[in-house]
Amino acid sequence: MLIVEDLMLLMLDDEKGTVARAGALNYSLGGAVLVELALLGRIEADEDRAGLNGPEVLAVGDGPLPDPLLQSAYDEIAQKPQGIQALILSIGAGLQEPVLDRLVERGLIRRESKRVLGVFRTTTWPAEDTRHEAELRRVIGAVLVDGESPDARTAAMIALLSSSGTLPALRPAFPWSDEVRRRAKELEDGNWGATAVTTAMARNAARIAATAATSAAVSVAVFTAIT
């Protein structure tokens, strides 16, 4: 399984089938794909060509990648190098449905659709087979709670869960303490993909706040003019 698939599995509430920190999902999924490409040695960040969207990400190496989802992201980067924060959203925005479909096909989750008030259709993805997720949680817990050294893949998952603010919101919950938070933050700070997720989310929050403030100011001005 890809890092992005494991990440999605962890972010789903096993019973309710909803996503923890759904607002951070696209950032997390996009970051997971970029981190996996970096671990495979197929992308590099050019710090000398950093702009408002962070360092430019370049496609390197040749030959086909082991998964079409990774290949699609690699091809996008190869076609036009972009800043990492822009890439995170560009890649992550289209990943939710295909990644959920993969988890359903693997038998790890199931898709449940129902109508609310007889009108609105909602879909959830509760757990079906929890064995793989249980092993993921065991390995992550060994790092965060017991202080074991992680491999690159586990470090990346923890870093991404930390950067998106998802880690304390996972269900079932991990034991949470200042020490667990500190270890997760250390891994986040050491992973450029996770750091880019944090920055991209902060910039988006600032844009939303600015838009809301502008809208409020316009509304006040209009109301004042009318009265």
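Laboratory data are not the source of any read-out in this text; all were calculated from the coordinates shown. Just so it is clear, the structure is predicted and the values come from calculations on it, not from any experiment. Because the Cβ atoms are built from the backbone with ideal geometry, glycine has one as well, and the counts that use them run over all protein chains shown.
Structure notes:
- Gyration tensor verdict on the range 102-156 (Cα atoms; rounded if a/c is under 1.5, prolate if a/b is larger than b/c, oblate otherwise): prolate
- Simple spin-label estimate for Asp101 and Glu179 in nanometres, 7 Å along Cα-Cβ: 4.5
- Distance (nanometres) between label positions extended 7 Å along Cα→Cβ at Glu186 and Asp46: 3.5
- Neighbourhood charge, 13 Å Cβ-Cβ cut-off, centred on Pro175 and excluding it, Lys, Arg +1 and Asp, Glu -1: +1
- Mean Cβ neighbour count within 10 Å, used as a protection proxy, ranking 176-187, 31-42 highest first: 31-42, 176-187
- Gain upon complete extension [Val145, Ala93; 0.36 nm per residue less C-alpha separation]: 15.5 nm
- For the listed peptides 58-69, 84-95, a ranking on the average number of other beta carbons within 10 Å per residue, highest first, reads 84-95, 58-69.
- Loop trypsin sites (Lys or Arg not before Pro), the range 87-121 (other Cβ atoms within 10 Å of the site Cβ: 14 or fewer; DSSP): Arg106, Arg110, Arg111
- FRET efficiency, 1/(1 + (r/R0)^6) with R0 35 Å, evaluated for Lys80 and Asp129 via beta carbons: 0.35
- Between Arg121 and Glu15, the modelled label-to-label distance comes to 2.8 nm, taking each label 7 Å out from Cα in the direction of the beta carbon.
- Of all lysines in the structure, the ones whose alpha carbon falls short of 19 Å from that of Lys16, not counting any fewer than 8 places away in one chain, are Lys114.
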